[in-house]
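Trainee: Before I ask anything, let me first share the structure, which is written out below as structure tokens.
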Amino acid sequence: MSNILAIYKREINGYFATPVAYVFIVIFLMLTGVFTFYLGGLFERGQADLQPFFAYLPWLYLFLIPALSMRLWAEERKSGSIELLMTLPISVTQAVLGKFIASWLFVGLALLLTFPLWITVNYLGSPDNPVIFSGYLAAFLMAGAYLAIGSCISAITRNQVIAFVISVVISFLFILSGFPLVLDFFEGWAPQILIDAISSMSFLTHFNTIVKGVIDLRDIIYFVSFIGCWLLANVILVEMKKAD
């Protein structure tokens with residue numbers, strides 16, 4: 001546990017020692033404001049809720065989180081610091097977990113800083129605060145899923161741009177799998193069990209359920225197991241690169 005904490009501190013300090021943390025948070029807060037108030041029409045809707053904020057969040061994540069995660073391992077390999085990291089008395093699993101937890105909590109901090117939106121809807125009316133809380137829970141879990149993909153892909157290459165592009169494409173596929181356009185393609189020739197499996201792999205299928213205030217254990221298990229699978233792949237890839 002102490003080794004994971006050491007890696008966590010190293011990563012967090014790395015974020016705030018450079019403009020990365022501040023640029024990410026500023027851009028994130030600016031875009032959430034634009035999407036919620038202008039594109040989402042928070043005031044025009046006449047409803048005291050954060051539905052516009054949560055509706056646009058998966059698409060905002062699609063680009064911002066891969067931009068954050070692309071450096072996790074690619075930068076280590078490019079600078080050669082991964083060799084130094086691997087000589088320390090820590091396991092690859094501990095290194096992967098430390099980096100991931102630092103990034104996940106950093107995104108959690110960015111989400112926490114959107115609290116003025118929550119205050120605003122409470123000022124304007126009487127929102128269902130437990131539903132808003134479940135929306136933030138869903139947002140945090142989905143951020144972890146995006147980060148797990150990005151961290152794993154970052155371990156493949158030392159080129160951060162390539163890591164970013166591949167992460168965006170893979171994340172987009174996991175969003176798209178729940179859309180009627182995709183499901184209709186399989187309708188008529190594919191067995192229903194396959195269609196249900198494809199639909200169940202979508203981030204939006206599980207995210208939207210929790211955002212509505214329905215905290216189903218199956219949705220929590222989906223995100224946790226999804227994160228676990230990608231982190232396991234991350235460990236395997238780093239081990240393979242370590243053996244090269």
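Here, each number is a calculation from the coordinates, and none is a lab measurement. Quick caveat, the model's predicted, so the values are computed rather than measured. Reconstructed Cβ throughout: ideal geometry from the backbone, glycine too, with neighbour counts over all protein chains shown.
Trainee: Using 7 Å Cα-to-Cβ label points, what is the residue 129/residue 1 separation (nm, one decimal)?
Mentor: Spacing of the two 7 Å Cα→Cβ label points: 3.2 nm.
Trainee: Which residue, 73, 59, 104, has the most motion in a Gaussian network model of the chain that connects Cα atoms within less than 10 Å?
Mentor: Per the Cα network of the chain with a 10 Å cutoff, 59 tops the list.
Trainee: What's the local net charge at residue 208, with K and R +1, D and E -1, over the other residues with C-beta under 13 Å away?
Mentor: Once all neighbours under 13 Å are counted, the net charge is -1.
Trainee: Right, here's the next one. By the scheme Lys and Arg +1, Asp and Glu -1, what is the net charge of all other residues having a beta-carbon under 14 Å from that of residue 102?
Mentor: Taking every Cβ under 14 Å from that of residue 102, the sum is +1.
Trainee: A follow-up question, please. For the chain, find the longest principal axis of its Cα atoms and tell me its angle to the long axis of helix 92-112, 0 to 90°, nearest 10.
Mentor: Result, in degrees: 30.
Trainee: Suppose R0 equals 35 Å. What FRET efficiency, 1/(1 + (r/R0)^6) with r the Cβ-Cβ distance, do residue 17 and residue 201 give to the nearest 0.05?
Mentor: On the way: r = 37 Å, r/R0 = 1.07.
Plugging the Cβ-Cβ distance into 1/(1 + (r/R0)^6) gives 0.40.
Trainee: For P(r) over Cα pairs in 10 Å bins from 0, in percent, one of (1) 6, 27, 30, 22, 12, 3, 0; (2) 7, 29, 33, 22, 8, 1; (3) 7, 32, 39, 18, 3, 0, 0 was computed from the structure I shared and the rest are decoys. Which label?
Mentor: (2)
Trainee: So for the pair residue 170, residue 111, with labels modelled 7 Å out along Cα→Cβ, what separation do we get in nm?
Mentor: Result for the modelled spin labels: 2.1 nm.
Trainee: Restricting to Cα pairs below 8 Å that are 6+ residues apart, what does the relative contact order work out to for the chain? Please round to a whole percent.
Mentor: About 26 percent, as a whole number.
Trainee: Another question about this same structure. If one takes the longest principal axis of the Cα atoms in the chain, at what angle in degrees, from 0 to 90 and to the nearest 10, does the Cα axis of helix 160-176 lie?
Mentor: The angle comes out at about 40 degrees.
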